[in-house]
1. For Cα pairs less than 8 Å apart in space and 6+ apart in sequence, what is the mean separation divided by the residue count of the chain, i.e. the relative contact order in percent?
2. Hey, could you get me the Stokes-Einstein D for the stretch 103-153, Kirkwood radius over alpha-carbon pairs, 25 °C and 0.890 mPa s, rounded to whole µm² s⁻¹?
3. State the percent of C-alpha pairs, over all pairs in the chain, separated by a distance greater than 30 angstrom.
4. On a C-alpha basis, how far is the centre of the stretch 19-36 from the centre of the stretch 115-161 in Å? Whole number, if you could?
5. Along the charge dipole of the chain, Cβ charges K/R +1 and D/E -1, which of Phe46, Thr174, Met276 sits furthest on the positive end?
6. To test your reading of the geometry: what angle, between 0 and 90 degrees and rounded to tens, separates the Cα axis of helix 199-222 from the longest principal axis of the chain?
7. Calculate the FRET efficiency for Val87 and Met135 from the Cβ-Cβ distance with a Förster distance of 22 Å, rounded to the nearest 0.05.
8. Under unit Cβ charges (Lys, Arg +1; Asp, Glu -1), what dipole magnitude, rounded to 20 debye, does the chain have relative to its Cα centre?
Amino acid sequence: MIGALIETMRPRQWTKNLILFAGVIFAQKLGDPDALAKSFVAFALFCFLSSAVYLLNDVLDAEADRQHPLKKNRPIAAGRLKKNDAVFASILLSIIGFGLAFWINIPLGVLAVVYYLLSVTYTFTVKHIVILDVMSVAIGFVIRAAAGAEAINVIISPWLLLCTFLLALFLAITKRRHELLLLEDVATNHRPILAEYSTYMLDQMISIVTAATLIFYSLYTLAPETVVKFNTPNLGLTIPCVLFGIFRYLYLVHQKGEGGRPEKILVSDKPFIINMLVWFAIVVGVLYGKVILDKLL
């Protein structure tokens with residue numbers, strides 16, 4: 001049962017919560033032990049809350065998951081985990097998550113509650129409303145990013161929140177496209193909202209969001225206020241990494257039939273991983289290079 005429970009908590013999905021570290025990175029507080037510790041606690045509590053929602057979601061979607069070629073093997077759908085046990089674990093994880101959030105500070109606790117309510121609302125209702133379903137997923141990422149900033153009491157740039165929203169929207173739309181192509185004629189049996197989408201419509205949406213993501217990220221890195229804040233215009237050096245990341249993901253979606261599990265691509269596709277590491281190295285070099293050099297010299 002423990003193994004089935006952990007599987008249902010979807011640890012691989014926890015990579016989505018890495019966005020919480022954006023606050024501590026762009027606030028230039030990676031060298032602050034207290035801020036770093038709070039960021040890790042915030043990351044952990046959002047992992048607990050997201051897992052709590054996954055457990056609840058799988059309880060509600062057990063019948064629909066049995067119609068999916070991959071999701072039918074999930075513990076609850078396959079009968080390896082009892083629904084009552086999953087509900088109990090969901091409640092326990094929620095209590096722990098909220099407790100940790102309010103322990104750090106009240107604003108973080110409020111954001112944790114808002115994130116949980118949004119996720120539960122999505123599970124019960126919003127995922128059945130066309131367009132709003134993918135937008136609510138993207139908003140969940142924005143809340144995570146804002147929570148990462150609140151955990152260490154810094155203000156996150158609206159540009160970063162906008163870029164986070166667009167990038168998350170891109171991932172959500174490509175996932176819908178993957179589901180539509182994978183399930184074909186039985187797509188609506190698994191997820192009824194797919195009846196409201198077509199591959200042409202989703203490709204149009206992907207094109208718009210892709211362009212918007214690149215444009216707004218570029219505007220953020222080159223904006224005068226960003227240059228003044230970090231005292232360097234070199235953050236724009238990360239733009240090619242973002243462009244490659246988007247193109248690589250689109251390649252995997254269109255040429256390799258991927259896109260259904262973004263968290264898998266994040267930890268398994270070597271070119272994508274290398275690109276992420278290069279992006280991170282450039283960001284750290286640009287934001288912390290002077291401090292590192294001063295310490296070395």
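Nothing in this text is a laboratory measurement; each read-out follows from the coordinates by a stated rule. Keep in mind it's a predicted model, so treat the numbers as computed, not measured. Glycine gets a Cβ as well: all are built from the backbone with ideal geometry, and neighbour counts include every protein chain shown.
1. In percent, rounded to a whole number, it is 18.
2. 216 µm²/s
3. 34 percent
4. Cα centres, the stretch 19-36 to the stretch 115-161: 20 Å.
5. The residue sitting most towards the positive pole is Met276.
6. So the inclination is approximately 20 degrees.
7. Between Val87 and Met135 the formula returns 0.20.
8. 440 debye
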